[in-house]
Amino acid sequence: MTTLLYMEDRKGQEPDPCYLREFDARITDRGTDFVVLDRTAFYPEGGGQPFDLGVLTWASGESNILRVTKEKGVIKHYIDHLPETDEVHGIIDWGRRYKHMRMHTSQHLMSGLVFRIYNSRTAGNQIHMDYSRVDFQPASFTSEDLERIQDECNRVIESAQDVKIFEEDRAVVQNNIADRVLLDLIPASIKRLRVIAISSADYCPCGGTHLKNTSEIGRLHILEKRSKGKETERIVYELLPQ
Ligand SMILES: [Zn+2]
């Protein structure tokens, strides 16, 4: 099992685990075009967030990270050539990752606020560096609704709320989230969940990478909404500098 450095407890850690840009690791397995590490700060694609890019370096060389995946619980770092040694150093493409963290944290805000105001669940989401989309169900937003969603998101962003991460018993989480998220997708054997909470705007179990404070998001700007079939609407948005 690879230790996920970005998932470590953020209490008292410096730098914060989600802001870790470099790390040392040992190769525990290798294929023709990938390595498995004992520990990693590279995020594998999943949950609507793309994989991290960057480089792996070692005493006599380096390789680009082409893709990071989680396949049957195994995190594979696909690279363009394999190291000669097992001791490596990973460096994350921080510009790309930080944009994903800003997008991912803003998606929490939008999903949480829309659930609270309209009782619409997030049926799917995909973030990118330049824009993101969230699918809501059931939903039928007017242009005034979209304006309100944008304003409510920006209000929480401007009020500089801490993004809290903590563990909680599954039964407590179930009770707190109502239908915001379907916990059925999380294996029943997992009794403690990692929860992300942003003031009263969102409370949601999640294994992604998050900002420390909403003020880092910038300004949220909704680009459009699209109908995605019966009672499902997609909101597409971008983040602008404040
Ligand atoms: Zn998250």
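The values are calculated or read from the model by the stated rules, or taken from the named source; none is laboratory data. The shown structure was predicted, so the numbers you read here are calculated from the model rather than taken from an experiment. Cβ placement follows ideal geometry from the backbone for every residue including glycine, while neighbour counts extend to all protein chains displayed.
Residues are listed down the side, and each one gets a yes or a no for (1) part of a strand (DSSP E or B); (2) free of Cβ contacts under 8 Å to residues at least 24 places away in the same chain; (3) surrounded by 19 or more Cβ atoms within 10 Å (Cβ to Cβ):
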{"residue": "Arg133", "(1), (2), (3)": "yes, no, yes"}
{"residue": "Gln150", "(1), (2), (3)": "no, no, no"}
{"residue": "Val163", "(1), (2), (3)": "yes, no, yes"}
{"residue": "Asp184", "(1), (2), (3)": "no, yes, no"}
{"residue": "Leu223", "(1), (2), (3)": "yes, no, no"}
{"residue": "Gly229", "(1), (2), (3)": "no, yes, no"}
**Q.** Residue that is modelled with pLDDT of 90 or more, more than 16 Å from the ligand (Cβ to nearest atom), touching a strand residue (DSSP E or B) at 6+ places or on another chain (Cβ under 8 Å) and part of a strand (DSSP E or B), where the choices are Glu168, Glu238
**A.** Glu238
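Out of the residues in region 88-109 meeting the condition of being within 16 Å of the ligand (Cβ to nearest atom) and among the hydrophobic types (A, V, I, L, M, F, W, C), tell me which one is nearest to the chain's Cα centre (by Cα).
First, pick out the residues of region 88-109 that are within 16 Å of the ligand (Cβ to nearest atom): 97-109.
From what is left, the residues that are among the hydrophobic types (A, V, I, L, M, F, W, C) are 101, 103, 109.
Working: Met101: 6, Met103: 8, Leu109: 12 Å.
The qualifying residue nearest to the chain's Cα centre (by Cα) is Met101.
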Q. Strands (runs of 3 or more DSSP E) wholly in region 22-98 with at least 2 residues that are exposed (fewer than 14 other Cβ atoms within 10 Å of the Cβ) - which ones?
A. 22-30, 61-71
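Examine region 61-73 for a residue that is closer than 23 Å to Asp179 by Cα and basic (Lys, Arg), and state whether such a residue exists.
Among the residues of region 61-73, not one is closer than 23 Å to Asp179 by Cα and basic (Lys, Arg), which makes the answer no.
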Q. Is it the case that region 154-162 has a residue that's within 21 Å of Lys99 (Cβ to Cβ) and within 13 Å of the ligand (Cβ to nearest atom)?
A. no
Q. Can you name the residue in region 40-87 that is in contact (Cβ under 8 Å) with a residue 24 or more places away in the chain and hydroxyl-bearing (Ser, Thr, Tyr) and is also farthest from the ligand (Cβ to nearest atom) among such residues?
A. Ser60
Q | The listed residue being among the acidic types (Asp, Glu), over 22 Å from Gly47 (Cβ atoms) and out of contact with any helix residue (DSSP H, G or I) (no Cβ under 6 Å at 6 or more places or on another chain), out of Glu231, Glu168 | A | Glu231
**Q.** Matching residues in region 186-221 - criterion: being within 14 Å of the ligand (Cβ to nearest atom) and assigned to a strand (DSSP E or B)
**A.** Leu193, Arg194, Val195, Ile196, Ala197, Ile198, Asp202, Tyr203, Cys204, Pro205
Q: State whether one or more residues within region 58-65 are small (Gly, Ala, Ser), modelled with pLDDT of 95 or more and within 23 Å of the chain's Cα centre (by Cα).
A: no
Q | Boolean, Pro17 is at pLDDT below 95, within 30 Å of Asp135 (Cβ to Cβ) and within 16 Å of the ligand (Cβ to nearest atom) | A | yes
Q) Quick one: Asp179 ticks every box in (1) assigned to a loop (DSSP other than H, G, I, E, B); (2) modelled with pLDDT under 95; (3) within 16 Å of the ligand (Cβ to nearest atom) bar one, so which box is it? A) (3)
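Looking only at region 106-131, count every residue that is among the β-branched types (Val, Ile, Thr) and assigned to a helix (DSSP H, G or I) and tell me the total.
Filtering region 106-131 down to residues among the β-branched types (Val, Ile, Thr) leaves 114, 117, 122, 127.
When the remaining residues are screened for being assigned to a helix (DSSP H, G or I), the result is 114, 117.
Selection size over region 106-131: 2.
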